[in-house]
Amino acid sequence: MPAQDSGEGNLSAGLTGEEARALLAKYGPNAMPDTAIQPWRLALAKFWAPVPWMLEAAIILQAALHEFIEAAVIAGLLVFNAALGFFQEGRAQATLAALKSRLALTASVRRDGAWKNIPATELVPGDTIKLSLGGVVAADVKLIDGSILLDQSMLTGESVPIEAGVGLQTYAGALVRRGEATATVTATGTHTKFGHTAELVRTAHVESTQQKTVVRVVRNLAIFNGVIILMLVAYAHARKMPVGEIIPMVLTAILASIPVALPATFTLAAAIGAKALARLGVLPTRLSAVDEAATLDVLCSDKTGTLTLNELALTTIHPETGFDEAHLLAMAALASSDGGQDPVDTAIRAAAAKSGIADLPKLSKFVPFDPSKKMSEATAVDSMGGTVRVVKGAFAVVIKLTETMPTAAATAQQLEEKGFRVLAVAVGTATTMRLAGLIALSDPPRTDAAELIKDLKTLGVRTVMVTGDAPATAAIIAKAVGLDGAICPPGPIPESVHPEDFAVFAGVLPEDKYHIVQAFQKGGHTVGMCGDGANDAPALRQAQMGIAVSTATDVAKSAAGIVLTKPGLEGVVAAVKEGRVTFQRILTYTLNSVTKKIVQVLFLAAGLIMTGHAILTPMLMVIIMITGDFLGMSLTTDNVRPSPKPNAWRVGNLTLAGAFMGLSELGFCIAVLAVGKFRLGLGIETLRTLAFVVIVFGNQATTYTNRTRQSLWSTRPSLWLVLSSVVDLSIASTLGICGIAMVPLPLLVMSGTLAAAVVFALIVDIVKIPIFNRLKIS
C-alpha cells in the first residue's frame, strides 16, 4: 500500500487552513469505512435463534398435519417477530451510534501558527499534533519533539508500554500513558496500519448482567414447561387420545412456552432509557449501561470538576526570599504545558503572560505532569548559557527536592486548610534545588453538589470522595458538600476497606482507585467510579458502572459505561433514576412472562383433565401470543415508580412471585371454564372460545396487577399501555362474539367473563402486596 505524503507543512507553524482543506479532499476524512454487518445478514440472523427455532418447528408440524392456514399464520408471526426485532435493534444501534458520535475523538493540532482542538476526523497527513497524557493517538504519526510512554497493547499485543522519543513511528489507537510530545501525521483513515483493529476494540460490546439474569429465568421456565408438556403427552396417551389430537395439543403447549417478544423488549427498554439519558446530558457507551445503573449503591467521586467548579484561579502567590511574584510565575509557566488541556497549567500560563518578564530562560526540555509523580519538570538555558531546572507540583513532593524550610511548610498548611490547591515551585540545577515559592489555586465547590449528594443518599447510594489532592484541601471541600466522615490516612489502601469506613480518600495515586473499587466490590457492593484520566481506565473498567466525567480523556471515555457531558453529579443522579425506571419496566415484563407461561401451559393440562380434549388450538394460541406478548411490549413505556433503594435481581423470589400470580390466574381461568362446562353446559368448541377469552382477559388483569408493586391505583398507566389493552380486549371480544377463527360465544357470557376478570384483578391486587413485600419484589 503506498504511503501518504507528509503534506510539506511548516512544522513550526503547522499547515495552513487552505493546505489542510486540500489534503482532506485528497485523502478523505480520518475515519474507517462502515464495517457494520449488512442489513440483510442481520435480518436473516433473526430467523436463527432459540425463539425462531421453536416457531419454525411449529410451522413444520402444522404443515405435516396439513394445517396450512395455521402454518401460514405462525409463519406470519415468525416474520413479524423477526421484523420487530430487526427494527428495534436497528433503532437502538442508531441511537447508540448517535450518542457515540458526540463522544468523537478530538486532536490538538497546530494550524495557521496556533494550537487548536479539532475533530480527529479532520486530521490530514502533514498536520502537527500534540500527544498528551491520557490521549488516544488519532492517526499514524512520527514524533518530532518530546518523549512519551506509549501503550500499544491493543494493537500489537505487546503488554509492556514503550518509551517513545523523536523519530519513532506510532500508530492510530495507541494510548499515551505518560509524557507529552509533538508529532507529524503520516497516515490517516484507511491508510493507517491498525485503524480497523482499533475501531473493533473501541466498539466492543458487553452483555449486561441483567439480560443474562432474565434469560436464566426464562430458561428455567422452559424447563418447567417442558416437564409439564411431557406429562400432558403421557396423560393423553394413557387416555388413548388419537395422535391427530395429541400433536396439535403439544404444538399449542410449545407455542404457549415461547417468550416471543422478550429479546425485542430488552432492546426497546434499554434504547428508551438511553435516549432519555441523552436528553439529560448523559451518554451511555453501551445499552447495557442503562441497566447497570439501577444496582449502583456506592459512588466513588473525584473532586475537581465533579464536586467543584473546575474553574481554577490563582488566589495566592507566595514567593520565597530571592524571588518576586512575577519571577515565580514565570518559572512556574516554564514547567507548564503549552497548548494542552490541563486547567492548572492554563491558569498559570495566563497569569504569567500578564507579568511580562523579559530575558526568561529558554525552554529546552519539558516533562509534563505525571500523576504518579505528582509533578512536572522543565529544563531551560539562561542568558549566561547555564542550565536551569524547574520543578512544579504537589508541595509534599517538591519540598523533598529542596532544603528544609519550616516556614514554607506552615504556609502551605495554612493555605490547604482554606481549601486551596497548593503547588510548590523549585528552581536550581540538576543536583541542587531551592524553593522559589508557593502558588495557591482556588476551585470552589459546586453550588449543587451538596444537594445532589443528598439526593444520592436518599436513593441509597453512598458517595465517597477519591482525590489526589492533599487531605486538608479535600476535607474542606468534603465538609462543604456534605460528605461527613473520616478521612483515610495517607499510605497503602487497606484490602478490607469498606465505604462506611471513610468519606474521603485523599492523596491517592491513580492505581489506588483500582484497589479501592476492588475492595468495595469484595464487600458485596455495586460500585460506580468517576474518572477523567488515562490512569483511571483500569478503575473505570473494574467498576460495575464506570463514569467518565465531562473533562475526561479519550482513554477514560473509552473505558467508561457512561460519559457525562456536563460537570457535576447531576448526570449520575439522572443515570441512577433512569436505570431504576428501566429496571422496573423490564422486571414487570419478566414477571408478566413468568405469569403467562405458567398459567397457559398449566391451563392446557387442567383443561385436558376437565374436558378430555385440548382446550386451546394452535391458532388460538398464536392469536394470544400476538395480542399478549407483542402488545405487552407497551410496558416499556409505562409510568413506573423507581425503587427508593438500589435494585438487585432475586431470581428465586421473582420466580416465586410469578408462580403466585400465575397460579392465581390459573385458579380464575379454571373457575370460569368450570362454570362454562358444568353450569352452562357448553360444548367443547364453545369451551375453547371461552378458554381463549378468559386467558386474554386474565392476562390483562395480571398485567395491571404486576405493573406496580403496590396498589394498581398507585401510578397511572401510560397512554400506550392503555391503548394496547383496549386493542387486545377489542380483538379478543370481536373474534369471540363474531366467531372468527372460533365458535361464537354469547355476548352475556363474554360480558360476564370480563366482569369476573375485573373482580379477579381487584382481589389479587390486594393479596399480592404482602406477598411482593415478603419476597422483596420492589
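The values are calculated or read from the model by the stated rules, or taken from the named source; none is laboratory data. Small disclaimer: the values here were computed from a predicted structure and weren't measured. Cβ placement follows ideal geometry from the backbone for every residue including glycine, while neighbour counts extend to all protein chains displayed. What goes into the accessible areas is simple: the full protein's heavy atoms, side chains included, and nothing from ligands, DNA or RNA. Shrake-Rupley method; radii C 1.70, N 1.55, O 1.52, S 1.80 Å.
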* For region 246-292, which residues satisfy the criterion of being within 26 Å of Lys596 (Cα to Cα), open to solvent by 10 Å² or more (accessible area, probe 1.4 Å) and either polar (S, T, N, Q) or not in a helix (DSSP H, G or I) (or both)? -> Ser257, Pro259, Thr267
* Inspect region 565-587 for any residue being buried (at least 24 other Cβ atoms within 10 Å of the Cβ) and outside any helix (DSSP H, G or I) and give the result as yes or no. => yes
* Asked: Ala412 versus (1) hydrophobic (A, V, I, L, M, F, W, C); (2) touching a Leu at 6+ places or on another chain (Cβ under 7 Å); (3) open to solvent by 50 Å² or more (accessible area, probe 1.4 Å): which is the lone unmet condition?
  -> (3)
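Does Glu199 qualify as being at pLDDT below 75 and part of a loop (DSSP other than H, G, I, E, B)?
Numbers: at pLDDT below 75: yes; part of a loop (DSSP other than H, G, I, E, B): no.
Considered against the rule, which asks whether it is at pLDDT below 75 and part of a loop (DSSP other than H, G, I, E, B), Glu199 comes out as no.
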* Asked: Do we find a residue being of a type outside the set (S, T, N, Q), under 30 Å from Met529 (Cβ atoms) and assigned to a helix (DSSP H, G or I) anywhere in region 293-306?
  -> yes
* List the pairs whose first member sits in region 434-456 and is among the charged types (D, E, K, R), whose second member is part of a strand (DSSP E or B), and whose Cβ atoms are under 7 Å apart, counting only residues at least 6 apart or on separate chains? -> Arg434/Thr402; Arg434/Ala426; Arg434/Val427; Arg434/Gly428; Asp443/Thr308; Asp443/Arg421; Arg446/Thr308
* Looking at (1) over 29 Å from Lys400 (Cβ atoms); (2) touching a Phe, Trp or Tyr at 6+ places or on another chain (Cβ under 9 Å); (3) crowded, with 21+ Cβ neighbours inside 10 Å, which is the one condition that is false for Leu438? -> (1)
* **Criterion violated by Met610 - all others in (1) crowded, with 24+ Cβ neighbours inside 10 Å; (2) modelled with pLDDT of 90 or more satisfied** => (1)
* For region 223-233, does any single residue satisfy the condition of being within 25 Å of Glu578 (Cβ to Cβ), touching a residue at least 12 places away in the same chain (Cβ under 8 Å) and crowded, with 17+ Cβ neighbours inside 10 Å? -> no
* Any chance region 708-719 includes a residue that's under 21 Å from Ala659 (Cβ atoms) and at pLDDT 95 or above? -> no
* Before we move on, is Ile516 farther than 21 Å from Ser288 by Cα, in contact with a Phe, Trp or Tyr (Cβ under 8 Å, 6 or more places away or on another chain) and buried (at least 24 other Cβ atoms within 10 Å of the Cβ)? -> yes
* Asked: With (1) part of a helix (DSSP H, G or I); (2) farther than 15 Å from Val696 by Cα as the list, and Ala761 as the residue in question, which single condition is left unmet?
  -> (2)
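Does Gly7 qualify as being modelled with pLDDT under 75 and out of contact with any His (no Cβ under 9 Å at 6 or more places or on another chain)? Write out each step before concluding.
Working: modelled with pLDDT under 75: yes; out of contact with any His (no Cβ under 9 Å at 6 or more places or on another chain): yes.
Judged against the criteria, Gly7 is a match.
Just name the residue that is modelled with the highest pLDDT out of those in region 29-59 that are among the aliphatic types (A, V, I, L, M) and exposed (fewer than 12 other Cβ atoms within 10 Å of the Cβ). Full working, then the answer.
Just the residues of region 29-59 that are among the aliphatic types (A, V, I, L, M), to begin with: 31-32, 36-37, 42-45, 49, 51, 54-55, 57-59.
Now restrict to residues that are exposed (fewer than 12 other Cβ atoms within 10 Å of the Cβ): 36-37.
Working: Ala36: 54, Ile37: 59.
Going through the qualifying residues, I end up with Ile37.
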* **Among residues of region 427-471, those that are among the polar types (S, T, N, Q), within 33 Å of the chain's Cα centre (by Cα) and outside any strand (DSSP E or B), counted** => 3
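State all residues of region 477-505 that are open to solvent by 20 Å² or more (accessible area, probe 1.4 Å), aliphatic (A, V, I, L, M) and under 12 Å from Ile516 (Cβ atoms); if no residue qualifies, say none.
Here is the first cut: in region 477-505, the residues open to solvent by 20 Å² or more (accessible area, probe 1.4 Å) are 479-480, 482, 484-487, 489-496, 498, 500-502.
Now restrict to residues that are aliphatic (A, V, I, L, M): 480, 486-487, 493.
Across region 477-505, the qualifying residue is only Ile493.
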* If you check Ala474 against the conditions, is it open to solvent by 10 Å² or more (accessible area, probe 1.4 Å), more than 28 Å from Pro642 (Cβ to Cβ) and among the aliphatic types (A, V, I, L, M)? -> no
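Of the residues that sit in region 139-159 and are over 11 Å from Val176 (Cα atoms), at pLDDT 75 or above and of a type in the set (Gly, Ala, Ser), which one is surrounded by the most Cβ atoms within 10 Å (Cβ to Cβ)? Give the steps one after another, and end with the answer.
The first filter runs over region 139-159 and keeps only residues over 11 Å from Val176 (Cα atoms), leaving 139-146, 153-159.
Then drop every residue that is not at pLDDT 75 or above, which leaves 139-146.
With of a type in the set (Gly, Ala, Ser) added as a condition, the list becomes 139, 146.
Working: Ala139: 29, Gly146: 20.
The residue in question is Ala139.
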* Structure fact -> Only unsatisfied item for Gly736, checking (1) free of Cβ contacts under 8 Å to residues at least 60 places away in the same chain; (2) closer than 22 Å to Val622 by Cα; (3) surrounded by fewer than 23 Cβ atoms within 10 Å (Cβ to Cβ), is (3)
* To do: With respect to Thr590, determine if the residue is more than 16 Å from the chain's Cα centre (by Cα) and open to solvent by less than 10 Å² (accessible area, probe 1.4 Å).
  => yes
* Asked: Taking region 270-286, which residues are under 26 Å from Arg219 (Cα atoms) and modelled with pLDDT under 85?
  -> Ala270, Ala271, Arg286
